[in-house]
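The values are calculated or read from the model by the stated rules, or taken from the named source; none is laboratory data. Note that the coordinates shown come from a computational prediction; the quantities given were computed from them, not determined experimentally. Cβ placement follows ideal geometry from the backbone for every residue including glycine, while neighbour counts extend to all protein chains displayed. Side chains are part of the model used for accessible areas, which takes the heavy atoms of the whole protein and leaves out ligands, DNA and RNA. Shrake-Rupley method; radii C 1.70, N 1.55, O 1.52, S 1.80 Å.
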Amino acid sequence: MEDKMNTTAPRHIGIIMDGNGRWATRRNLRRTRGHSEGIHAAKRVVLEAITQGIEYLSLYAFSTENWRRAEDEVAFIMALVARNLRNQYAFYRKNNVRVIHTGDIRKLPEEVRREIARVTEETAGNTAITVNLAVNYGGRDEIVRAVNRWLQQRDADENPRFCETQLRDHLDHPEMPDPDLVIRTGSEQRLSNFLLWQCAYAELLFSDRLWPDWNAQDLRDAIDWFRGRKRNFGGMR
Ligand code: FPP
């Protein structure tokens with residue numbers, strides 16, 4: 001069996017942080033309390049990801065579809081994201097965390113746009129890990145934006161052809177390696193428009209634990225599970 005094992009650690013892990021609402025309602029708390037707890041879980045997992053030598057951690061905080069939620073919940077999540085970016089700055093500095101953003105920033109509230117711009121600029125030189133925050137992110141939306149960027153930049157005289165490399169080069173973060181492992185917490189088993197292009201060969205782990213309950217051990221277990229997977233990228237077994 002040993003030769004079937006994948007001994008490399010994941011370079012990039014993506015997480016669909018699901019189950020905040022259920023975590024709260026099971027405790028007779030407001031759904032928004034679950035989102036606040038979700039921030040603590042994110043910090044625990046970021047710290048463990050650093051310990052495990054993970055280079056990139058993509059966290060799905062708000063999708064292009066999440067605007068359909070109740071207005072007060074959307075407003076709460078937006079304020080939480082802005083406050084988290086502002087208040088956790090000491091956490092990012094102390095732990096040498098670089099923060100980047102993926103998604104359509106233009107449609108976010110001004111306060112969130114400002115905090116994203118500030119944190120990405122101020123943490124740009126940090127090297128322990130890159131946390132890629134997906135806020136107002138949709139995989140289909142990213143692909144459409146990539147195509148539009150390419151259309152705007154192409155040289156009209158060249159009769160250019162569109163190919164996979166062209167698309168990849170115009171994604172939000174072309175420098176970022178594809179996720180090796182994508183984790184979805186909270187029992188559902190779907191991708192929900194998360195990093196669609198980049199997840200082509202990701203290993204998918206679905207966990208029944210709700211996101212606010214996630215801790216360092218859960219991430220270690222997920223990485224151990226990943227190491228046991230045989231990856232062949234469409235080649236021979
Ligand atoms: C899914 O749970 C969670 C969200 C839509 C929001 C996640 C946001 C955070 C954890 C805060 C932002 C995080 C960072 C790191 C800035 P759900 O509400 O869909 O849960 P449910 O399926 O139980 O209803």
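Among 166-177, 48-59, 18-29, what's the highest-first ranking by average C-beta atoms within 10 angstrom per residue?
Ranking the peptides 166-177, 48-59, 18-29 by packing returns 48-59, 18-29, 166-177.
Once phi is turned into θ = phi - 60°, what whole-Hz ³J(HN,Hα) does the Karplus curve with 6.51, -1.76 and 1.60 give for every residue of segment 100-109, x standing for Gly and Pro?
So the Karplus estimates, Gly and Pro as x, are 10, 10, 10, x, 8, 5, 5, 8, 8, x Hz.
Give me the percent of Cα-Cα pairs in segment 67-219 that sit more than 27 Å apart, rounded to a whole number.
Working: 3780 of 11628 pairs.
Looking at segment 67-219, the distances longer than 27 Å represent 33 percent of pairs.
May I ask for the distance between the Cα centers of segment 45-99 and segment 101-141, given as a whole number of Å?
If you average the Cα positions of each part, the centres end up 9 Å apart.
Taking the mean number of other Cβ atoms within 10 Å as a proxy for protection, how do you rank 6-12, 112-118 from highest to lowest?
On the way: 6-12: 15.6, 112-118: 17.7.
Going from most to least packed, we get 112-118, 6-12.
Suppose a student asked you for the relative contact order of segment 84-130, using Cα pairs under 8 Å spaced at least 6 residues apart; what percent would you report?
Result for segment 84-130 is 56 percent.
Let me know the volume per residue of the alpha-carbon convex hull for segment 64-137, in Å³.
Considering the Cα atoms of segment 64-137, their hull volume per residue is 76 Å³.
Roughly to the nearest percent, how much of the accessible area of segment 148-217 is carbon and sulfur, given a 1.4 Å probe?
42 percent
Once segment 145-237 is represented by equal point scatterers at the alpha-carbon sites, with solvent omitted, what log10 I(q)/I(0) does the Debye formula produce at q = 0.17 Å⁻¹?
-0.87
Send over a whole-number figure in Å² for the accessible area per residue of the chain, probe 1.4 Å.
Result: 53 Å² per residue.
Based on the mean of other Cβ atoms within 10 Å per residue, sort peptides 208-214, 180-186 so the most packed one is first.
Packing proxy ranking, top to bottom: 180-186, 208-214.
How big is segment 1-145 by Rg and Dmax over its Cα atoms, in Å?
Calculated on Cα positions, Rg and Dmax stand at 16.1, 54 Å.
Kirkwood-based Rg over Rh for segment 193-237 (C-alpha set), two decimals?
Taking Rg over the Kirkwood Rh, I get 1.03.
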